[in-house]
Amino acid sequence: MPDPLLTVRDFSVVYDVEPPVAAVKNVTLELQRGEILGLAGESGCGKTTLAYGIQRLLRAPAVITSGSVVFHDAAEGDVDINALDAEQMRRFRWDKVSMVFQGAMNALNPVATIGSQLEDVFEIHRPQLSARQRRAEAAELLEIVKVGADRARSFPHELSGGMRQRVMIAMALALRPQLMVMDEPTTALDVLVQREILSQISQLRHEFGFSVIFITHDLPLLLEISDRIAIMRDGEIVELDTAERIWNAPQDDYTRTLLASFPRLTGEKGMVVR
């Protein structure tokens, strides 16, 4: 039986410039509990705008013009995200829904230790915890993402790009949210580190049971990690299906074009034209 965590209906976002730009157009989708939903499409198609809009992170001139976003909280029932006031939204973010932002591995404070930045999450959202408990929670998170608790006193510049990205995943995981939104989380990482990060995301998803919206233009990557994939083009979802069916029987011409744009490792040898 379907067990939805997030339901988005007829969601639209316009950038109020001259002339106005319709960035997201009447998007409808449902995310299941424990599911990894891939969101793919070329740069500028509206993927990140949709993700920001769902969490009410958009800034002017972006305006949500229509639609509803309902979060089906396991403990508190249905939550209309658009109806939350500023303080309710502040408490909702990171606690129920967290985000790993694009370029997040460079978003850490360069003059604060890794441990102190993780502890800040608990100080703000779990003020009842003592300093000792906050340090213990931060150390546990670093172990969970395989950075190691001994790195708590390290500064961001002392870590590799892959380790900094793991720290950002730890930060997003800190309050055990039910949904984690990941915007190009493996960009600028080499292939081997990408593989490690993807494997860890899958492992953590199974261990903690959260859902993932995974945003990237890299469709082959999504085929590997996702349960279902939504293909976006010009602000619209043109196809939404299981990863298996997207690969074996894509229905939309744009999906087929995306699949064909990636080189294959097998096939006939061709002549290199110089």
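FRET efficiency for the residue 76 to residue 192 pair, using the beta carbon distance and R₀ = 35 Å, is estimated at 0.30.
Under the definition of Cα pairs under 8 Å and six or more residues apart, what whole-number percent is the relative contact order of the chain? Let's see the in-between values first.
On the way: 477 pairs, mean separation 67.7, N = 274.
Computed over the chain, the figure is 25 percent.
Summing Lys, Arg as +1 and Asp, Glu as -1, what charge do residues with Cβ under 12 Å from the Cβ of residue 92 carry, residue 92 excluded?
Working: positive: 56, 90, 91, 93, 96; negative: 73, 76, 80, 85, 87, 95.
Counting the neighbours of residue 92, the net charge comes to -1.
Along each principal axis, taking the top coordinate minus the bottom one, the Cα set of the stretch 119-243 gives 50, 31, 26 Å in descending order. Straight-line cross-link reach from residue 146 at under 17 Å between alpha-carbon atoms covers these aspartates and glutamates, not counting any fewer than eight positions away in the same chain: 137, 158, 196, 207. So what's the back-of-envelope 222 nm ellipticity for the chain, counting only DSSP H runs of four-plus at -39500 (n - 2.57) apiece and dividing by all residues, rounded to 500? The per-residue figure over the chain is -10000 deg cm²/dmol. Backbone phi angles across the stretch 185-192, fed through the Karplus curve with coefficients 6.51, -1.76 and 1.60 (θ = phi - 60°), yield HN-Hα couplings of x, 10, 4, 6, 9, 6, 4, 5 Hz in residue order; Gly and Pro are listed as x. Over all orientations, the stretch 1-104 has a Cα convex hull whose mean projected area works out to 7.6 square nanometres.
With the simple spin-label model, which puts each label point 7 Å out from Cα in the Cβ direction, the residue 10 to residue 128 separation comes to 4.1 nm.
Go through 117-123, 68-74 and give me the packing order, highest mean Cβ count within 10 Å leading. Walk me through the intermediate numbers first.
Working: 117-123: 19.7, 68-74: 16.4.
Descending mean neighbour count gives 117-123, 68-74.
Ellipsoid fit via the Cα gyration tensor, the chain: semi-axes of 31, 25, 18 Å, each the root of five times an eigenvalue, largest first. Strictly greater than 20 Å: what percent of every Cα pair in the stretch 107-176 meets that? The answer is 17 percent, as a whole percent.
None of the figures in this text is laboratory data; all of them are computed from the coordinates on show. Predicted model only: the values in this text are computed from it and were never measured. All Cβ positions, even for glycine, are placed from backbone atoms using ideal geometry, and neighbour counts span all protein chains on display.
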